[in-house]
């Protein structure tokens, strides 16, 4: 199974700080450089950032896992020093493609932009698309790849099957979906490479979206990963101690459950 793990934004990521756990995922520049495209009654308008952190994604990564429980466990074992982080785990739609394949080829002279499709009631309800619509979207994506513009893309299932892992005080907790604030959610993304943000905006407006109604897009510039400094010996010892405490608590819970016949 494939999952998309989205690192929700907060004040630190909006200052440009990169969380360590998303390697080798995609990190996004702060929303001061972002643009939202609104198509209402067939007419496009633009709203420029910055936007409230709670509405934003700071980065994401696609991961394989055997189950929802497995991917949650993976995320809970990421570095605990990412204090205050919230990671949203979403089921991938299963029709995507990305840079892990042989095509498309990335041009190092161009900038990568992520175009998020914001959620609405239809995408949250996992409304089924007609086969001809799926084929149409696939053809459009293939054309974008051949043109050397489109690098990746994926749809996401609604948040009823999702979860959020919260990091606080060196511990983690899990909150199950669904999540109700539509303006905080994304239904999928495309990654393009372009010479400028204006060129990426033009591509996004020209894409023949199959849905006839209103849509909201958010365009964010992807940035290269910074190399994180190695943990100091003190940090490594603290991390080991925290992990040992978590493992001990997990084992105690398992033994207690077994003793109760659970």
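What to note about this one:
- Flag for residue 113 being in contact with a helix residue (DSSP H, G or I) (Cβ under 9 Å, 6 or more places away or on another chain) and either loosely packed, with under 14 Cβ neighbours inside 10 Å or in a strand (DSSP E or B) (or both): yes
- The number of residues in the range 144-168 that are closer than 16 Å to residue 116 by Cβ, touching a strand residue (DSSP E or B) at 6+ places or on another chain (Cβ under 6 Å) and part of a loop (DSSP other than H, G, I, E, B) comes to 2.
- Listed conditions (1) more than 16 Å from the chain's Cα centre (by Cα); (2) touching a residue at least 12 places away in the same chain (Cβ under 8 Å) are all met by residue 212, apart from (2).
- With respect to being in contact with a helix residue (DSSP H, G or I) (Cβ under 6 Å, 6 or more places away or on another chain) and farther than 20 Å from residue 28 by Cα, residue 91 fits the description.
- Residues located in the range 116-136, provided they are over 17 Å from residue 218 (Cα atoms), surrounded by fewer than 19 Cβ atoms within 10 Å (Cβ to Cβ) and in contact (Cβ under 8 Å) with a residue 40 or more places away in the chain: 121, 122, 129, 133, 136
- For the range 38-57, the condition holds for at least one residue, the condition being that it is surrounded by fewer than 21 Cβ atoms within 10 Å (Cβ to Cβ), free of Cβ contacts under 8 Å to residues at least 12 places away in the same chain and not in a strand (DSSP E or B).
- Residue list for the range 24-37, filter: surrounded by 14 or more Cβ atoms within 10 Å (Cβ to Cβ) and either assigned to a loop (DSSP other than H, G, I, E, B) or in contact with a helix residue (DSSP H, G or I) (Cβ under 9 Å, 6 or more places away or on another chain) (or both): 25, 27, 28, 29, 30, 31, 33, 34, 35, 37
- The set of residues in the range 178-187 being part of a strand (DSSP E or B) and in contact with a helix residue (DSSP H, G or I) (Cβ under 8 Å, 6 or more places away or on another chain) consists of 187 alone.
- Condition met for residue 246 (outside the structural domain of residue 84 (by TED's automatic domain parsing), modelled with pLDDT under 60, in contact with a helix residue (DSSP H, G or I) (Cβ under 9 Å, 6 or more places away or on another chain) and within 26 Å of residue 85 (Cβ to Cβ)): yes
- Residue identified as at pLDDT below 95, within 17 Å of the chain's Cα centre (by Cα) and assigned to a helix (DSSP H, G or I) among 95, 75: 75
The values are calculated or read from the model by the stated rules, or taken from the named source; none is laboratory data. Quick caveat: nothing in here was measured; it's all calculated off a predicted structure. Note that we place each Cβ from the backbone using ideal geometry, even for glycine, and neighbour counts take in every protein chain shown.
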